[in-house]
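Have a look at the structure below before the remarks.
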Amino acid sequence: MSHRRRSQATAPPEEEVGDFSPPSPGKARRLRPWPERRVLALALAFRAANALLVRTYFNPDEHWQGLEVAHRIAFGYGHLTWEWKQGLRSYLHPLIFAALYKFLAFFHLDTPWFMAMAPRLLQSVFAAFGDLYLYKLSKLIFDEHVAQWTMFSQLLNWFMFFCITRTLSNSLETVLTVAGLYYWFMAIESSKRVSVLSKQQTTSCQRPQSRKAALLIAALACAIRPTSAITWLYVGLLDFIQIKSKCRFLFLEVIPLGAIVLAVTTFLDWWMYGSRVIVPLNFLRFNLLSSGGDYYGTHVFHWYFTQGFPSMIWTFLPFSVLGVVRSREWRLSGLIAWVLGVYSILGHKEFRFVLPVLPLALMFSGYCLAAMSQFKGKSLHGKRHFSRLQLSVILLVITNVPMALYMSLFHQRGTEDVMFYLSKEAHNGRVNSVLFLMPCHSTPYYSSLHSSLPMRFLDCTPSDNKGILDESDRFLMNPLDFVGEVFVNLSSFSHIVLFESEERHVLQLLLRDSFQEVRRFFHSHFKIDRDLQSSVVVYSRRDVP
């Protein structure tokens, strides 16, 4: 990837009033650089606070495809969804948190609070390194000034705050993608120095080492999320065209490193599954070739461009667009468009799928803000007024901070709070069994309860026959008839958890079977894709202490 735009980041500002340009050489030299240790320390502190402030439920995969599996590995009990029975998921990501659970258990720290917060605190460490590598990538491509404003954009963006410390595989994929891109660009930069400066003794070894590091990180990202290959296919093909020693690159770097990572992760999965499975092949076959993901809903083709990604980048969007245009770093902006375009072909779409390119878009926002910081507007009457940069920063703060805090602290927090409550009750011996009368995977499960009690939720495993409704859909269509038909007598459970929207349909049945309301947790102020689920209610049998 070319770095010819790096020089433009330090071009002198234009004289036109109302225009803005990148930092001037003089100002760029006077700018005090941030030591990388200080950047990392700031990121670690910020992301730790970030993790502690995230108390809401976002996507079931955070718990059911990561922590639940990790809990089963570490403690011997936990629910495996149908994806794990069909070999669609790799154990590489859950094993990270299984090791954390083992650590907590060894030091007797597996209390309700630590079981709920420790995984996100661990992910916050990974996220902090992602912030650091984004800073380094921005500095490498542009300059120190842009890197500092990129950090500002990265830490302020509401969706990054909301999502990056969650234990989704997409969060770790994002960190690996940014780190891999940094080493890839470092290899290209070193290669240019070799050709321009002819200093083979100082840079010839740096280039292959950086590129091998990038390829290794890319392979790990693909092992965790096979769809990460979409990103690296674009990156690799564009530079493969310009590489002189193509055979050496392909047969001595790409294939060996990819084969080693694939062999290690495949052996790991064979060992954990107890049978021969090739997870990347199964994953891609199900999601790309058979459109199996469409079972969970589809969106229109342009959703990522018109709704999904604009919602994620939020008010940084115009600054990112201006940064793309003014920087003319087309390959990175092309990567963003490529990823959004390829994912648009798939019917099933989610915000988290395109999370890895959000930091890149925020880097262009950093470029725009850095350029604006060099422009000083003139007042017609000589009065002091807010500069364009100050107004932009105020706009970004007042639109992102409240959004980040509301989505992280309030929206859809009831399903997290109820499991924390049940975990404490179970820890004190006041819970015998639990039934979740709510759409499947609405709450965390054993990874939060951390007690091997009998629990039951409404199953939503895809059926080969599309005409057959799963338990979750049948319950939502007619709660009262479904409960009477499937469970008959609810008194076999000590606690029942359900949303307020379904409570009114089965209330008489609960009272008949000697249940009483014991707790009610706020969940949300507005609905997303179902009726308003304003609160989560816990009912307990009257004879349960």
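The figures follow:
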| item | result |
| --- | --- |
| Residue in the range 166-213 that is modelled with the highest pLDDT, counting only those that are over 17 Å from the mean Cα position of the chain (by Cα) and not in a helix (DSSP H, G or I) | 205 |
| Subset of the range 516-545 (residues that are in a strand (DSSP E or B) and either free of Cβ contacts under 8 Å to residues at least 12 places away in the same chain or of a type in the set (A, V, I, L, M) (or both)) | 518, 536, 537, 538 |
| Criterion (at pLDDT 95 or above, outside any loop (DSSP other than H, G, I, E, B) and over 24 Å from the mean Cα position of the chain (by Cα)) met by exactly one of 405, 422 | 422 |
| Cβ-Cβ under 9 Å pairs, at least 6 apart or on other chains, the range 81-98 side on the phi > 0 side of the Ramachandran plot, far side open to solvent by 20 Å² or more (accessible area, probe 1.4 Å) and not in a loop (DSSP other than H, G, I, E, B) | 87/273; 87/282 |
| Residue ID - most open to solvent (accessible area, probe 1.4 Å), chosen from residues in the range 112-124 that are within 15 Å of residue 53 (Cα to Cα) and among the hydrophobic types (A, V, I, L, M, F, W, C) | 113 |
| Condition met for residue 500 (open to solvent by 60 Å² or more (accessible area, probe 1.4 Å), modelled with pLDDT under 95 and within 19 Å of residue 418 (Cβ to Cβ)) | yes |
| Residue within the range 365-372 that is open to solvent by 60 Å² or more (accessible area, probe 1.4 Å), part of a helix (DSSP H, G or I) and not basic (Lys, Arg) present | no |
| Residue list for the range 460-488, filter: in contact with a strand residue (DSSP E or B) (Cβ under 8 Å, 6 or more places away or on another chain) and part of a loop (DSSP other than H, G, I, E, B) | 487 |
| Selection from the range 340-364 of residues that are part of a helix (DSSP H, G or I), more than 21 Å from residue 165 (Cβ to Cβ) and either modelled with pLDDT under 90 or of a type in the set (A, V, I, L, M) (or both) | 340, 342, 345 |
| Criterion violated by residue 95 - all others in (1) in contact with a helix residue (DSSP H, G or I) (Cβ under 8 Å, 6 or more places away or on another chain); (2) over 18 Å from residue 220 (Cα atoms); (3) of a type outside the set (S, T, N, Q) satisfied | (2) |
| Residue within the range 43-62 that is acidic (Asp, Glu) and surrounded by fewer than 17 Cβ atoms within 10 Å (Cβ to Cβ) present | no |
| All helices (runs of 4 or more DSSP H) inside the range 214-318 with 2 or more residues being more than 30 Å from residue 370 (Cβ to Cβ) and open to solvent by 30 Å² or more (accessible area, probe 1.4 Å) | 229-240, 246-249, 255-273, 279-284 |
| Residue that is more than 16 Å from the chain's Cα centre (by Cα) and either surrounded by fewer than 24 Cβ atoms within 10 Å (Cβ to Cβ) or not hydrophobic (A, V, I, L, M, F, W, C) (or both), where the choices are 137, 155, 109 | 109 |
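Okay, residues lined up against (1) within 30 Å of residue 110 (Cα to Cα); (2) surrounded by 15 or more Cβ atoms within 10 Å (Cβ to Cβ); (3) at pLDDT 90 or above; (4) among the aromatic types (Phe, Trp, Tyr):
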residue: 465; (1), (2), (3), (4): no, no, no, no
residue: 475; (1), (2), (3), (4): no, yes, yes, yes
residue: 487; (1), (2), (3), (4): no, yes, no, yes
residue: 493; (1), (2), (3), (4): yes, yes, yes, yes
residue: 519; (1), (2), (3), (4): yes, yes, yes, no
residue: 526; (1), (2), (3), (4): no, no, no, yes
residue: 531; (1), (2), (3), (4): no, no, no, no
residue: 545; (1), (2), (3), (4): yes, no, no, no
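The values are calculated or read from the model by the stated rules, or taken from the named source; none is laboratory data. Since the structure is predicted, the reported quantities are computational estimates derived from the model, not experimental observations. For neighbour counting, all protein chains shown are included, and Cβ atoms are generated from backbone atoms with ideal geometry for every residue, glycine included. Calculation scope for accessible area: heavy atoms of the full protein, side chains included, ligands and nucleic acids excluded. Shrake-Rupley method; radii C 1.70, N 1.55, O 1.52, S 1.80 Å.
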